[in-house]
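Student: Take this structure first; my questions come after.
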Amino acid sequence: MKKFTGFIMSLLLILMVGCSSNNFEIKLSTPKSFTSGQSTPIQVKILDPDGKPVKGAKVSTKLDMQGMSHGDISINMQEKGNGVYVGQANIEMEGDYIATIKVDDNGEKWLGEKRFSIVSNNSQ
Ligand SMILES: [Cu+2]
């Protein structure tokens with residue numbers, strides 16, 4: 001029993017160390033609605049584990065609809081400064097999306113998933 005508890009404790013320790021070394025923070029901002037045929041701006045703000053804006057990173061975002069296959073919507077993100085990166089997405093359908101955000105900060109890679117919903121301006 002003592003051996004088992006020790007195993008659990010070391011497992012917890014590994015998990016805790018694993019988390020703290022890799023906790024970039026990503027904030028996703030998207031418009032509430034889109035217009036068909038026009039691009040929709042997708043913005044992320046990235047903070048490093050010290051809470052400082054991540055500058056000069058390579059950032060890409062991929063959008064998937066929940067439970068549907070539209071092919072990948074891949075977005076190249078341009079740096080706007082202060083940890084903010086913006087890209088243009090061609091969204092064709094309203095609904096729930098999952099944004100998979102890849103960050104390469106000087107070789108330090110981070111992957112985040114954010115969810116958002118968007119409605120169409122053309123649906124009335
Ligand atoms: Cu769809």
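Student: Which residues, taken from region 45-84, are without any contact (Cβ under 8 Å) to a residue 12 or more places away in the chain and either in a loop (DSSP other than H, G, I, E, B) or open to solvent by less than 80 Å² (accessible area, probe 1.4 Å) (or both)?
Tutor: D50, G67, S69, G71, D72
Student: Check whether at least one residue in region 25-36 is aliphatic (A, V, I, L, M), surrounded by 13 or more Cβ atoms within 10 Å (Cβ to Cβ) and within 16 Å of the ligand (Cβ to nearest atom), and report yes or no.
Tutor: no
Student: Still on this model: Could you list, in sequence order, all residues of region 85-112 that are open to solvent by 70 Å² or more (accessible area, probe 1.4 Å), over 14 Å from the mean Cα position of the chain (by Cα) and over 21 Å from S39 (Cβ atoms)?
Tutor: Answer for region 85-112, where residues must be open to solvent by 70 Å² or more (accessible area, probe 1.4 Å), over 14 Å from the mean Cα position of the chain (by Cα) and over 21 Å from S39 (Cβ atoms): N106, E108.
Student: Condition first: within 16 Å of the ligand (Cβ to nearest atom) and within 14 Å of S29 (Cα to Cα). Can you find one or more residues in region 71-84 that meet it?
Tutor: For region 71-84, residues within 16 Å of the ligand (Cβ to nearest atom) and within 14 Å of S29 (Cα to Cα): absent.
Student: Test each condition in (1) open to solvent by 70 Å² or more (accessible area, probe 1.4 Å); (2) more than 16 Å from the ligand (Cβ to nearest atom); (3) modelled with pLDDT of 95 or more for R115 and report the one that comes out false.
Tutor: Here R115 meets the rest and fails (2).
The values are calculated or read from the model by the stated rules, or taken from the named source; none is laboratory data. Everything numeric in this text was worked out from a predicted model, so none of it was measured. Reconstructed Cβ throughout: ideal geometry from the backbone, glycine too, with neighbour counts over all protein chains shown. When the accessible area is computed, the model is the full protein with side chains, heavy atoms only, and any ligands, DNA or RNA have been set aside. Shrake-Rupley method; radii C 1.70, N 1.55, O 1.52, S 1.80 Å.
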